[in-house]
Amino acid sequence: MTAMSRLESVFCRSVPWSAFARRVVLPWAVQGSSVTGDVLELGAGSGAMSERILEGGAGVRLTAIDIDPSMVDRIEDALAPYGASAVAGVGDATRLPFRDGSFDVVVSWLMLHHTIDWETAITEAARVLRPGGRLVGYDLVDTRTARLIHRLDGSEHRLFSPSALESALESAFGAATVVPAIRGLVCRFSATARGSVRNGSA
C-alpha cells in the first residue's frame, strides 16, 4: 500500500472536498447499506468520511487506518471529538493488524488503486470481517482519464477494470456487486463475508 501524492494529500485535506465527501459521496457510495457496529476504514485520508460515518448514527465504533503518518495525525484531530468511539493509526491494507472476524463493516473510499497488491487488500478485508459483515466502497477504474491524472500527479497506483475488481471480490467473498458510475470513471462495490471465523492473531 502506497501513500498518496502531495497533490492528492492537499486535495483530501481541503474544506470543499471534506464537505462534498460527507454530504454527497458517502451516501452515494454506501448504496443504502447500514454502516454500524465495528467499522474499519482503509486508507482514511483526511478523515472526512470517517466523521460522516460517526455522525450517521449511534453504536458506531470506528477504526481508521492510513499508511501515511501525516494523514493519521489529521485523522486523529478530526476524530478527537468522538472520544472512545473512534481510533486512528498507521496501517497497511495488505497486512491488517487485526484478528480474524474483528469488524462488522470494512469501508474503502478511493484507495484500492493506490494499493499495488489490491487483491491482497480485498482478501485481508474479508479476513477481518465477521460472517455476514460487509465490504463497501468506491474507486477509480482503469480509464484514459484516470491514467492521465496519475501520470500528472506522480502517485504510485495500479488501476483495475470493473471486471477485474469483481473477480477479486468474488474470489475473496463468493459474491459481489460492482456498479460503474460517472460514465465509467469510477465504480461502487460491495461484498458480504461468508463462512466461519478462523482463529487469528493480532
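The values are calculated or read from the model by the stated rules, or taken from the named source; none is laboratory data. Because the structure is predicted, anything quoted here is derived from the model rather than measured. Heads up, the Cβs are rebuilt from the backbone with ideal geometry, glycines too, and the neighbour counts pull from every protein chain shown. Just the protein is used for accessible areas: all its heavy atoms, side chains included, with ligands, DNA and RNA removed. Shrake-Rupley method; radii C 1.70, N 1.55, O 1.52, S 1.80 Å.
Observations on the model:
- Looking at ASP104, ASP92, just one residue is open to solvent by 10 Å² or more (accessible area, probe 1.4 Å) and closer than 19 Å to GLY47 by Cα, and that residue is ASP92.
- Counting only residues that are more than 12 Å from the chain's Cα centre (by Cα) and crowded, with 18+ Cβ neighbours inside 10 Å, the range 26-47 holds 3 of them.
- Residue count for the range 22-55 under the criterion of being touching a Gly at 6+ places or on another chain (Cβ under 7 Å) and over 17 Å from ARG188 (Cα atoms): the result is 2.
- For the range 151-165, a residue qualifies if it is open to solvent by less than 30 Å² (accessible area, probe 1.4 Å), part of a helix (DSSP H, G or I) and small (Gly, Ala, Ser), but none of them does.
- Residue within the range 50-58 that is open to solvent by 10 Å² or more (accessible area, probe 1.4 Å), under 25 Å from THR192 (Cβ atoms) and at pLDDT 95 or above present: no
- Matching residues, the range 107-148, being crowded, with 18+ Cβ neighbours inside 10 Å, at pLDDT below 95 and among the β-branched types (Val, Ile, Thr): THR115, VAL141
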